[in-house]
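Take a look at the following structure, please.
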Amino acid sequence: MIVLTQTTEILRQLPDVGGPAQPLLTIRGLTKHFPLRSGLLGRSTGVVQAVDDISFDVRKGETLGLVGESGCGKSTTSRLIMALLEPTSGEVIFDGQAVGYGGLTLKEYRRQVQMVFQDSYSSLNPRLTVRDSIAFAPGVHGVARRSAVTRADELLEAVGLDPAQFGPRYPHELSGGQRQRINIARALALQPRLLILDEPVSALDKSVEAQVLNLLLDLKDQFGLTYLFISHDLNVVQYVSDRVLVMYLGRVAEIGPVDTIYNGAAHPYTAALLDSRPSMDPDRRRLEPPLQGDPPNPVNPPSGCRFRTRCLHAEAVCADKAPPLAPAGPEHLAACLMVLPGSGHSQAPKLAA
Amino acid sequence: MIFYLIRRVLYAIPISLAVSLVCFMLVHIAPGDPINAIVPPDAPQAVVEQIKHEYGLDKPLPVQFGLWLYQVSQGDLGRSLATGRSVWSDLRPATANTLRLAVTASLIGFVLGLILGGLAGTFRGTWIDRIATTFAVAGVSIPHYWLGMVMVILFSVTLGALPAMGAGPGGATDWAWDWAHIQYLILPAVTLSVIPMGIITRTVRGVVGEIMNQDFVNTLRGKGMLPRNIFLHVVKNAAPNALSVMGLQLGYLMGGSILVETVFSWPGTGFLLNSAIFQRDIPLLQGTILVLALFFVALNLIVDLVQTALDPRIKRS
Amino acid sequence: MEPLVHVRDLKVRFVSRDSTVHAVNGVDFDLAPRETLCILGESGSGKSVTLRSLMRLNPPRLTKMTGTVRVGGHDLVTTSERSLADIRGSVVSMIFQEPMTALDPVFTIGMQIRETIRRHETISREDAERRALELLELVQIPSAKRRLAAYPHELSGGLRQRAMIAIALSCRPKLLLADEPTTALDATVQIQILLLLRKLQQDMGMGVIFVTHDLGVAAEIADRVAVMYAGRFIEEGPVSALMRDPLHPYAQGLLGATVHGGVRGKRLTTIPGAPPNLAQVPTGCAFAPRCAYVEPACLAAVPAARSPIPGRAARCIRVPDHAVSTAA
């Protein structure tokens, strides 16, 4: 265990505000539309509905896994949460306080929420040594240079790298796994409460992926962190997450506890996604692909339920009515008319008379 | 696509207007009163006013610009202050001469540049690459007025093989594509071709080198395509970039040949500009710059349209 | 009968002015007709270089290749560039990881299929066009006729990879080489492409060599699996046996490190350290510095392939040779 007494006086994790029952992060109606322009006068001909009215909570101390395929909006969501993009509408609430507009300032917010990206190389400044990269943000937040460097060395040790050996090196001298450890150390330098991990192990080899996943689980306990873990790898998400959120074409398809979803998905898309995983057993191979075709383009998505064009259970009603998130079990919501009582879908539960 | 075409052509109009305004204003911002060039310094004030009135120089600037623009749109570029002849009658043969020189020079430069650049890009890191790159660097760094004088000393004075000055029998207005005339074109054209040769070599080397490193070249080799088949793919991929650089180079040659035209006394727009500047001949100066600038705008337009036609990824619907 | 692919002591070095990389350091294997072999390995293991050697596609000026490589009766090491070009695309062809960059962006899909057919066969433009359409239907591209005129950027990732497969199959090759063809695709598309490749392999009776880093992909498609480390096959065997009970400590580590459904709540096994630098050929077992069972004999010489049961082999001195069974 690494003792962090020296610097906790200088920069410590900001205290809990609303108590354990209040979500650490609340997303309400978050929407991001990118307009497309063309034609003679550059008039708007369409809108990329990258993220369309999504709402969810990240609870204190949990790992929420966010899965989906390309174009589902998971990366846009993470950038909206980090305030790297301006939302079209909706709000981000951190521990009860709205971010921006008279609430938490961006500087206060970003101290508590940090991000680790997939590309470990381009997210590090190539002209800074590893030690300077980690010490940079605390310096910006007013920590003295010497304390920031001491802190950087402690963090290097925490992510399993020898400070004397790795501190003076530059990013191009490191392997992908080592660089990702540096990125994690850098994200931890401000003592954040929430880490957004955007495909943090997708570019790594399997044996290195396992090392980094183990490290992330250790750091979570050690630093009292909450994770939002974004990935396209369903096995990795299952391994790290407490709850899982599935996105399809800019909307939430399903959210619930990891075991509930992996043992019995309520949304047909989630079920198909899970069935698309290679079987890992050569004697029980897949015979039919669960879905045909590619995910559609998020420009001008289908009306009603966005999944209906690929769904085996689609009925006429699915084109008319966008399904709201409806309870499918304890703490389990799914946006499918087959879950919503009295929705008009033939497989929907009947309304109690 | 058709929308993009129309839009791109419409964009050219405000650009041309802006260019005209800059041409018009430059002359008025520059020091020196044009009146001094035509009127003796001791002329009575009344005569000066009279001449100012005749040339419209007594009106406010916006009015002068409006009038000038109206006349230009009628094809009337005014009269030269120095000679009293219509600007157009001097400008037309000069533009034709410059066009001949620039097009010949670019043909030489482009062909050599494409060959050298293509070879250098295909055989990157070999001695072929190093020789081609040396040519390119020499091409862009040798001052071409100096090269022109060296060529004159070598080919005209020492060897006596080619004429050193002028545009052949008949002077500025009597051009023909026969040896009696073409021999006058060779030295200035070769001198002028050296810079575009260097620039095209460097551009094509970069573009081809980059394309040869792309995965699809591996795919082509993997399906058994022969080097000549692969070459066709590389050419079609490299063409949009190479063409755009060539179009701009042609534009630069049109306007940038002042020094070479002066060295060889080639009766083109550069030569004309030179004398217009020294004589403070405002209408001639304005007319020449305007024609050159409009050429540049038109070339840019053509380059853009050709690029769009060649590359399916540029989707401009 | 001669195997479709016969490789003995294949060595590939990349030599440039300031460095040499020993990418492949002695690979031996045979592939029967209609057989699917998966080469499994991490980045830098030499799996892609090995694959590319099977059509001599590594960068010609840098590559030094020795050993025996025979594909469909053709000797690939000594043959001339010209006859190599006749073999590529007709006897053996390849599909790549990134269908976006592996297709020429300024030519239509139809044109890229047609030129392949017309390169290897004397056939009219119209017949080539008809064959191209059949091929797009074969790889299950919807509204195939329209897609012939499409440019690569106008297709989705899954359709692009299908078009790539159509090009590779256009002259009915005996051997298809696949370099991580599903890695860049979405999960629901990846399984479609895997199943398509499996079906085409069976229908057309091709041999397939499939390079991947993903155990799950190997489990779906392979008859046999070879695990590669530091430029050598360190283990080889039938897919079920190898995945159930790997012999080599590296293969065991790789399986343990792979996250799958059954490991939630358990700590993942990891392999400490990093793969060796291939500026020199490792003199002993290349995995020894990371191996939990290392002993002096491991460093003395490169372990020979030992076969405990017929059809399986591993380069580890702890594996018994010609034993009756390991499961007992």
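For the full complex of protein chains and a 1.4 angstrom probe, list B:Leu81, B:Leu99 by accessible area with the highest value first.
Largest to smallest exposure gives the sequence B:Leu99, B:Leu81.
May I pose another question? Can you give me the solvent accessible area of B:Tyr184 with a 1.4 Å probe, rounded to the nearest 10 Å²?
Surface accessible to solvent at B:Tyr184 totals approximately 50 Å².
I've got another one for you. Can you check what the net charge comes to around A:Arg286, using other residues whose Cβ is under 11 Å from the Cβ of A:Arg286 (Lys, Arg +1; Asp, Glu -1)?
0
Computed from the mean reciprocal separation of all distinct C-alpha pairs, what Kirkwood hydrodynamic radius does the stretch B:47-106 have, in Å?
Evaluated on the stretch B:47-106, it is 13.5 Å.
If you plug each phi of the stretch C:282-291 into the Karplus form 6.51 cos²θ - 1.76 cosθ + 1.60 with θ = phi - 60°, what whole-Hz ³J(HN,Hα) values come out, in order, with x for Gly and Pro?
x, 7, x, 5, 5, 8, 3, x, 10, 8
Could you please put B:Leu272, C:Leu51, A:Leu84 in sequence from largest to smallest accessible area, using a 1.4 Å probe?
Largest accessible area first, the residues go A:Leu84, B:Leu272, C:Leu51.
Output the Kirkwood hydrodynamic radius of the protein assembly as shown, Cα pairs only, in Å rounded to one decimal. Please report the intermediate quantities before stating the final value.
On the way: mean 1/r = 0.0295 Å⁻¹.
Over the protein assembly as shown, the inverse of the mean reciprocal pair distance is 33.9 Å.
Return the FRET efficiency for the residue pair A:Val47, C:Ile123: r is the Cβ-Cβ distance, R0 is 41 Å, and the value is rounded to the nearest 0.05.
Numbers: r = 47 Å, r/R0 = 1.14.
Result of the calculation: an efficiency of 0.30.
Once the other residues with Cβ under 12 Å from the Cβ of A:Arg186 are scored (Lys, Arg +1; Asp, Glu -1), what is the net sum? Don't skip to the end; give the middle numbers.
Values: positive: A:Arg131, A:Arg151, A:Arg179, A:Arg181; negative: A:Asp132.
That sum, taken over residues with Cβ under 12 Å, equals +3.
Moving to a separate point now. When the gyration tensor of the stretch B:51-179 is built from Cα positions, what are the square roots of 5 times its three eigenvalues, in whole Å, from largest to smallest?
Result for the stretch B:51-179: semi-axes of 43, 22, 14 Å.
If you only keep lysine pairs separated by 8 or more in sequence, or across chains, how many in chain C come under 19 Å at the Cα atoms?
4
Checking a compactness column here: for the stretch C:76-205, what do you get for Rg(Cα) / (2.2 N^0.38 Å), N being the number of residues?
Relative to the 2.2 N^0.38 Å estimate, the stretch C:76-205 comes out at 1.02.
Next question, about the same structure. What percentages make up the Cα-Cα pair-distance distribution of chain C when the bins are 20 Å wide from 0?
Per 20 Å bin, starting at 0, the Cα pair percentages come out as 30, 56, 14, 0.
Another one. Exactly which trypsin sites (Lys or Arg not before Pro) in the stretch A:215-291 are in a DSSP loop and have at most 10 other Cβ atoms within 10 Å?
Listed in order of number, the matching sites are A:Arg284.
So if a site counts as exposed when it's one of the trypsin sites (Lys or Arg not before Pro), its DSSP state isn't H, G, I, E or B, and it has at most 15 other Cβ atoms within 10 Å, what's the longest stretch of chain B without one?
Within chain B, the longest run free of exposed trypsin sites (Lys or Arg not before Pro) spans B:86-312.
Shifting gears a bit: Please give the FRET efficiency for C:Thr20 paired with B:Ile277, using the beta carbon to beta carbon distance and R0 = 41 Å, rounded to the nearest 0.05.
0.05
At a probe radius of 1.4 Å, figure out the B/C buried accessible area, summed over both chains, and give it in Å² to the nearest 100.
Values: alone 17130 and 15750 Å², together 30630 Å².
Chains B and C together bury approximately 2200 Å².
Something else: Evaluate the distance, in nm, between pseudo-label points positioned 7 Å from the Cα of A:Leu217 and of B:Ala43 along their respective Cα→Cβ axes.
With each label placed 7 Å out from Cα toward Cβ, I get 9.6 nm.
Leaving out ligands, DNA and RNA, what percent of the accessible area of the stretch B:1-139 is carbon and sulfur, probe 1.4 Å?
Values: 5680 of 7990 Å².
Its accessible area is 71 percent carbon and sulfur atoms.
Now for a separate question. For chain B, modelled as a Gaussian network with Cα springs under 10 Å, which listed residue fluctuates most, B:Gly287, B:Gly224, B:Gly270?
Of B:Gly287, B:Gly224, B:Gly270, the most mobile in the Gaussian network model is B:Gly224.
Running a GNM on chain C with Cα contacts under 10 Å, which residue among C:Ala218, C:Ala163, C:Ala184 ends up with the highest mean-square fluctuation?
Highest fluctuation of the listed residues: C:Ala184.
May I ask for log10 I(q)/I(0) of chain B at q = 0.08, 0.13, 0.14 Å⁻¹, from a Debye sum over the Cα atoms as equal point scatterers with solvent left out?
-0.49, -1.06, -1.15
Under 20 Å between alpha carbons, and skipping anything fewer than 8 positions from A:Lys32 in its own chain: which lysines qualify?
A:Lys74
OK, next. Can you give me the Cα centroid spacing of the stretch A:46-114 and the stretch C:247-264 in angstrom?
The two parts, judged by their Cα centres, are 35 Å apart.
Rounded to the nearest 5, what is the percent of antiparallel bridges among the DSSP beta bridges in the protein assembly as shown?
Percent antiparallel among DSSP bridges in the protein assembly as shown is about 60.
Give me the distance between the Cα centres of the stretch B:91-135 and the stretch C:1-71, rounded to whole Å.
If we compute the Cα centre of each part, the gap is 42 Å.
Distance from a point 7 Å along Cα→Cβ of C:Thr68 to each backbone N in the stretch C:1-33: keep the residues under 16 Å and list them by number.
C:1-11, C:26-32
What number, in nm² with one decimal, is the all-direction average of the projected area of the convex hull of the alpha-carbon atoms of chain A?
With every direction weighted equally, the projected area is 22.5 nm².
To the nearest hundred square angstrom, how large is the accessible surface buried between C and A, total for both chains, probe 1.4 angstrom?
3400 Å²
Pop out the Kirkwood hydrodynamic radius of the stretch B:213-317 from its pairwise C-alpha distances, inverse of mean 1/r, in Å to one decimal.
16.9 Å
Which angle from 0 to 90°, rounded to the nearest 10, does the C-alpha axis of helix C:109-120 make with the longest principal axis of chain C?
80 degrees
Leaving out ligands, DNA and RNA but keeping every protein chain, what accessible area does A:Cys318 have, in Å² rounded to the nearest 10, with a 1.4 Å probe?
The value for A:Cys318 is about 10 Å².
Another question about this same structure. Only loop residues by DSSP count here, and only those with at most 16 other Cβ atoms within 10 Å; note down the chymotrypsin sites (Phe, Trp or Tyr not before Pro) in the stretch A:120-195 that meet that.
Qualifying residues, ordered by number: A:Tyr121.
Sticking with this one: For the stretch B:122-179, which chymotrypsin sites (Phe, Trp or Tyr not before Pro) are both in a DSSP coil and crowded by at most 13 other Cβ atoms within 10 Å?
Answer in residue order: B:Trp177.
Give the Debye-formula value of log10 I(q)/I(0) at each listed q (0.10, 0.16, 0.19 Å⁻¹), with one equal scatterer per alpha carbon of the stretch C:174-328, two decimals each.
For the requested q values the scattering log ratios are -0.42, -1.03, -1.29.
Build a GNM of chain C with springs between Cα atoms under 10 Å: which of C:Glu236, C:Glu220, C:Glu98 gets the top mean-square fluctuation?
With Cα springs under 10 Å in chain C, the top fluctuation among C:Glu236, C:Glu220, C:Glu98 is at C:Glu220.
Determine how large the accessible area of C:Phe107 is when every protein chain is in place; take a 1.4 Å probe and give Å² rounded to the nearest 10.
Surface accessible to solvent at C:Phe107 totals approximately 30 Å².
The values are calculated or read from the model by the stated rules, or taken from the named source; none is laboratory data. Values in this document were obtained by computation on a predicted structure and should not be read as measured data. All Cβ positions, even for glycine, are placed from backbone atoms using ideal geometry, and neighbour counts span all protein chains on display. For the accessible areas, the whole protein counts, side chains as well, though only heavy atoms, and no ligand, DNA or RNA atoms are used. Shrake-Rupley method; radii C 1.70, N 1.55, O 1.52, S 1.80 Å.
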